[in-house]
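So the structure is just underneath, and the comments pick up after that.
Taken together, the values in this text are just the output of simple stated rules run on the coordinates, not laboratory data. Because the structure is predicted, anything quoted here is derived from the model rather than measured. In this analysis, Cβ positions are derived from the backbone assuming ideal geometry, glycine residues included, and neighbour counts consider all displayed protein chains.
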Amino acid sequence: MSSQRNKADPKRVTRRAALGLLAIAGPSSIWASVIEPNFLSVTRKELTLPRWPKTLDGFRIAQLTDLHYRPGWDDTVIVKLTKTLKEEHPDLITLTGDYVIEDPSSLPELIRALKGISATQGVIACPGNHDRWHCSSSQLRKEFEGAGMAYLQNQGTHIHIKGESLFVNGLDSIWGGRPHLQKAWQGHRNDQSVISLVHEPDIFDELHLTRPLDLQLSGHTHGGQCRVPLLNYAPARVKYGRKFLYGHFQKEQSQLFVGRGLGTVGPRVRFACPPELVILTLRAF
Ligand SMILES: [Fe+2]
């Protein structure tokens, strides 16, 4: 065979590679910007907590995080979310921060869109870094409490159910607020299981060593927001969310679940990382 016939034309190779990339990038970018951000996935997981009361075996918590609501853009996923929540009948609904991106006026619009979500033990929210950067504490409290939801910023509350008492607290945003552990655990009794809502997950390393903590619920990372399929690799990492990107983690007696969230920051794209409603069923040991 002649070497002339085997030698590839560099221009043709470059053209074919460019066309190949376009063929992949075109549909992928449509998927990432138009389809996936409007998709709702439901993650159901059972967690066995060593100190969880036996009488509350089967307690179900819904976690919504990082809605970053863009009015007019995110309504499809919010409608799916509220419908699914009604069907799930959770005992408790938790919201773990980042309701806005920058515009504080989107907060009341989001609260109106979430109107009607309910759980037997209520709806409890804590702030995220974007909320604390762009909304005042008083606005956050007013909006949530005005809609009948609890807003916990360095505070705890007690849930009394089936003769048991649980302690649920919310820490201020590590990045955007003024977290105060002592205030957040004030009122906790040693015999109570603790569920902590903390927007940024990485503080789990400290909390599980220094505070009574059964379960920490966090978001912040968006699971990376765009991941490399098959490899499940997320190129983007965010401050205070570098150690625990997504999912379930356990250290000694404490557990952490990091949800990948429902909204987006930056370009409104998600890839291989769809919006997520988390439903956790807590089991006694
Ligand atoms: Fe976020």
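Ala125 meets each of the listed conditions (1) buried (at least 20 other Cβ atoms within 10 Å of the Cβ); (2) in contact with a Lys or Arg (Cβ under 9 Å, 6 or more places away or on another chain) apart from (2). Candidates Arg227, Arg211, Arg270, Arg189: the one that is surrounded by 15 or more Cβ atoms within 10 Å (Cβ to Cβ) and more than 26 Å from Tyr69 (Cα to Cα) is Arg211. Filtering segment 162-180 down to residues that are closer than 19 Å to Thr94 by Cβ and more than 20 Å from the chain's Cα centre (by Cα), which residue is surrounded by the fewest Cβ atoms within 10 Å (Cβ to Cβ)? Residue satisfying both the conditions and the ranking: Ser165. The requirement of being under 18 Å from Ile174 (Cα atoms) and among the basic types (Lys, Arg) is satisfied by Arg211. Considering only segment 213-230, I want to know if a residue exists there that is hydroxyl-bearing (Ser, Thr, Tyr) and within 27 Å of Asp75 (Cα to Cα). Yes: segment 213-230 contains one or more residues that are hydroxyl-bearing (Ser, Thr, Tyr) and within 27 Å of Asp75 (Cα to Cα). Pairs needed: first member in segment 135-157, touching a residue at least 24 places away in the same chain (Cβ under 8 Å) and over 16 Å from Gly176 (Cβ atoms); second member anywhere, assigned to a loop (DSSP other than H, G, I, E, B) and not hydrophobic (A, V, I, L, M, F, W, C); C-beta distance under 7 Å; at least 6 residues apart or different chains. From segment 135-157, the pairs are Ala147/Lys115; Ala150/Gly122; Gly156/Gln186; Gly156/Gly187; Gly156/His188. Here Arg112 does not qualify as more than 16 Å from the ligand (Cβ to nearest atom), basic (Lys, Arg) and touching a strand residue (DSSP E or B) at 6+ places or on another chain (Cβ under 8 Å).
Run down Ser165, Ser118 and say which single residue is more than 22 Å from Arg51 (Cβ to Cβ) and either touching a residue at least 24 places away in the same chain (Cβ under 8 Å) or within 16 Å of the ligand (Cβ to nearest atom) (or both). Can you show your working first?
On the way: Ser165 fails: more than 22 Å from Arg51 (Cβ to Cβ).
Answer to the check: Ser118.
Could you list, in sequence order, the residues of segment 181-204 that are under 23 Å from Leu49 (Cβ atoms) and more than 18 Å from the chain's Cα centre (by Cα)?
Start the filter on segment 181-204 by keeping residues that are under 23 Å from Leu49 (Cβ atoms), which leaves 181, 184-204.
Hits for segment 181-204 are Leu181, Ala184, Trp185, Gln186, Gly187, His188, Arg189, Asn190, Asp191, Gln192, Ser193, Val194.
Here the strands (runs of 3 or more DSSP E) wholly within segment 18-107 that include at least 2 residues being closer than 30 Å to Gln155 by Cα and within 16 Å of the ligand (Cβ to nearest atom) are 59-64, 92-95.
Would you check which residues across segment 226-237 are in a loop (DSSP other than H, G, I, E, B) and either of a type outside the set (Lys, Arg) or within 19 Å of Arg44 (Cα to Cα) (or both) and list them? Of everything in segment 226-237, those that are in a loop (DSSP other than H, G, I, E, B) and either of a type outside the set (Lys, Arg) or within 19 Å of Arg44 (Cα to Cα) (or both) turn out to be Pro229, Leu230, Leu231, Asn232, Ala234, Pro235, Ala236. Looking at segment 246-267 only, could you name the residues that are surrounded by 20 or more Cβ atoms within 10 Å (Cβ to Cβ) and not aromatic (Phe, Trp, Tyr)? If the condition is that a residue be surrounded by 20 or more Cβ atoms within 10 Å (Cβ to Cβ) and not aromatic (Phe, Trp, Tyr), then Ser254, Gln255, Leu256, Val258, Gly259, Arg260, Gly261, Leu262, Gly263, Thr264 are the ones that fit.
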